[in-house]
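The values are calculated or read from the model by the stated rules, or taken from the named source; none is laboratory data. Computed from a predicted structure; not experimentally measured. Neighbour counts are summed over all protein chains in view; Cβ atoms, including those assigned to glycine, are modelled from backbone coordinates with ideal geometry. When the accessible area is computed, the model is the full protein with side chains, heavy atoms only, and any ligands, DNA or RNA have been set aside. Shrake-Rupley method; radii C 1.70, N 1.55, O 1.52, S 1.80 Å.
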Amino acid sequence: MSQTFSAPKGVPDYLPPDSAGFVAVRDGLLTAARRAGYGDIELPIFEDTALFARGVGESTDVVSKEMYTFSDRGDRSVTLRPEGTAGVMRAVIEHGLDRGALPVKLCYAGPFFRYERPQAGRYRQLQQVGVEAIGVDDPALDAEVIAVADAGFRSLGLTGFRLEITSLGDDSCRPEYRKLLQDFLFALPLDEATRARAEINPLRVLDDKRPEVREMTADAPVMLDHLSAAARTHFDAVLAHLDALRVPYAINPRMVRGLDYYTKTTFEFVHDGLGAQSGIGGGGRYDGLMRQLGGQDLSGIGFGLGVDRTLLALRAEGVEPGPRSRVDVFGVPLGPDAKLALARVAADLRAAGVRVDLAYGDRGMKGAMRAADRSGAAIALVAGDREIAEGNIGLKLLATGEQVDVPLDAVVDEVARRVERRGTSCEELGG
Ligand code: HAM
């Protein structure tokens, strides 16, 4: 027997009919971004390894443990992108978008790669929809970014999620807070490894999941109580805008994000129906990132929403997004002349925007009707060579079994009219 293959560990396949839900989530989230004026950006799947090391941060798990890094045939170290923000910044700087009108508002969708331990909702190839708004440090823009994500989730019918938000401060208050937190942590009886972590990135220790560490750090100082006046004013304005936009939120001063570039406003969308992998999206400001990557000193804010996890969250709520059927119409030809005629009708209907499939393989009436039922179509077009010779096609409503004869030259208009009335055309359901 020849060797068979399976997908790499921790990488999901999306197959019909379930893939329709995946596409609906991705397109729905992107649609929300485009409605707010974000323009599509398509970026390489792999970049110079140093871009992520510098952009995302050497000490993060993402960079130190999870990257797919390899040397290409020219001996350059390249990495499959673990996230989108660094690549967007690279492209903005490289192509001088930051020298044009600001803010630069960009959106993207696609796969990202992290060598994590696979489990439900945690994949090694994950899919995100993201936005980045670069070059204007305005709390109203922070609120817009957050509201776009909120609207995107809601447009899909998702309800059981919450938005957690905090501020990670700015250059003028962070160093002082860091010192304060380190002083607190170094006074605790921490193990060697945790101590080392407190040295490099003390915030990470607040994210430690071990109960004994949680208990010890329960009273640790939080950034939110030590914001500079400017960072405080910014954060208060973001919250006021969210109130005005009627976007509900909960302040979580202990939020820790897995990427190092965040400053000021930082947020996460959390869904309780997903078990441990509850984050369906997250983002925040990254005001030092562009300078860090060799560009001007411009601010930025954005989000990444997990398409895979949003789909799981919807299913946990009993919502199956996307069109319920693959086609509107299924053609059942019974004879060679009928086959030709129905192929033409199918092509004309598709040109009119109706989704059509046909029975292939000359299986006979029974098998073809079973295929019609399975397709989810509302209408079957049934004809033998005799009906075609007489200039007719049978139009059968699959839900009721009701059937009428329609003249061949009127069938395209008649079917298109019925499909439009039902509102099941591809354009309407697929987005
Ligand atoms: P992130 O929080 O690392 O942020 O990822 C965003 C979202 O991607 C997560 O909330 C989660 O839904 C999804 N995600 C992450 N890892 C996995 C995984 N292994 N399996 C399934 N889903 C996953 C970022 O990536 C930032 N670039 C977001 C951003 C844009 N911040 C500012 N601009």
>> Can you give me the C-alpha center-to-center distance between region 123-147 and region 202-275, rounded to a whole angstrom?
In response: 16
>> Can you show me the helix-derived [θ] at 222 nm for the chain, built from DSSP H runs with n ≥ 4 at -39,500 (n - 2.57) apiece and divided by the number of residues, rounded to the nearest 500.
In response: -11500 deg cm²/dmol
> What relative contact order, as a whole-number percentage, does the chain give when Cα pairs under 8 Å and 6 or more residues apart are counted?
Replying inline: 16
>> Rounded, prolate or oblate for region 329-421? Axes are the square roots of the Cα gyration tensor eigenvalues, ordered a ≥ b ≥ c, and the cut-off for rounded is a/c under 1.5.
In response: rounded
>> Within the chain, what whole-number % of the accessible surface is contributed by carbon and sulfur, with the 1.4 Å probe and all protein chains included in the calculation?
In response: 52
>> Rounded to the nearest 5, what % of DSSP beta bridges with both residues in region 329-421 are antiparallel?
In response: 50
> Leaving out same-chain residues fewer than 8 places away, which lysines sit with a Cα under 20 Å from that of Lys65?
Replying inline: Lys9, Lys209
> How large is ³J(HN,Hα), in whole Hz, for each residue of region 78-87 in order, when computed from phi with the Karplus curve 6.51 cos²θ - 1.76 cosθ + 1.60 and θ = phi - 60°, using x for Gly and Pro?
Replying inline: 10, 9, 5, 4, x, 7, x, 5, 4, x
> Charges only on Cβ, +1 for Lys and Arg, -1 for Asp and Glu: so what's the dipole of the chain about the Cα centre, in debye to the nearest 20?
Replying inline: 720
> On a 0 to 90 degree scale, rounded to 10, what angle separates helix 174-186 from the longest Cα axis of the chain?
Replying inline: 80
> So which lysines pass the test for Lys396, namely a Cα distance under 26 Å, with those fewer than 8 places away in the same chain ruled out?
Replying inline: Lys339, Lys366
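Add +1 for every Lys or Arg and -1 for every Asp or Glu among the other residues with Cβ under 14 Å from the Cβ of Pro44, and state the total.
So the surrounding residues net to -3.
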>> Checking the cross-link filter: which lysines have an alpha carbon closer than 29 Å to that of Lys105, excluding same-chain neighbours under 8 positions apart?
In response: Lys264
>> Can you give me the Rg/Rh ratio for the chain, using Cα atoms for both radii and the Kirkwood formula for Rh?
In response: 1.09
>> Rolling a 1.4 Å sphere over the protein heavy atoms, what is the accessible area per residue of the chain, to the nearest Å²?
In response: 48
>> I'd like the antiparallel share, as a percent to the nearest 5, of DSSP beta bridges with both residues in the chain.
In response: 80
>> Which residue, Gly394, Val345, Val356, has the largest displacement toward the positive end of the dipole of region 329-421 when charges sit on each Cβ (Lys, Arg +1; Asp, Glu -1)?
In response: Val356
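Classify region 10-166: rounded, prolate or oblate, from the alpha-carbon gyration tensor (a ≥ b ≥ c, eigenvalue square roots; a/c under 1.5 rounded; otherwise prolate if a/b is larger than b/c)?
Oblate, since a/c reaches 1.5 and b/c is not below a/b.
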>> Only four residue types carry charge here, +1 at the Cβ of Lys and Arg and -1 at the Cβ of Asp and Glu. Report the dipole size of region 329-421 about the Cα centre in Debye, rounded to the nearest 20.
In response: 420
> To the nearest 0.05, how large is the calculated FRET efficiency for Arg34 and Glu192 if R₀ is 56 Å and r is the Cβ-Cβ distance?
Replying inline: 0.65
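So how do Glu47, Glu212 rank on accessible area, 1.4 Å probe, biggest first, that is with the largest at the start?
Final ranking, largest accessible area leading: Glu212, Glu47.
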> Ignoring the sites themselves, what is the longest stretch of the chain with no trypsin sites (Lys or Arg not before Pro) in a DSSP loop and at most 14 other beta-carbon atoms within 10 Å?
Replying inline: 77-208
> Roughly how tilted is helix 139-155, in degrees to the nearest 10 and between 0 and 90, from the longest Cα axis of the chain?
Replying inline: 30
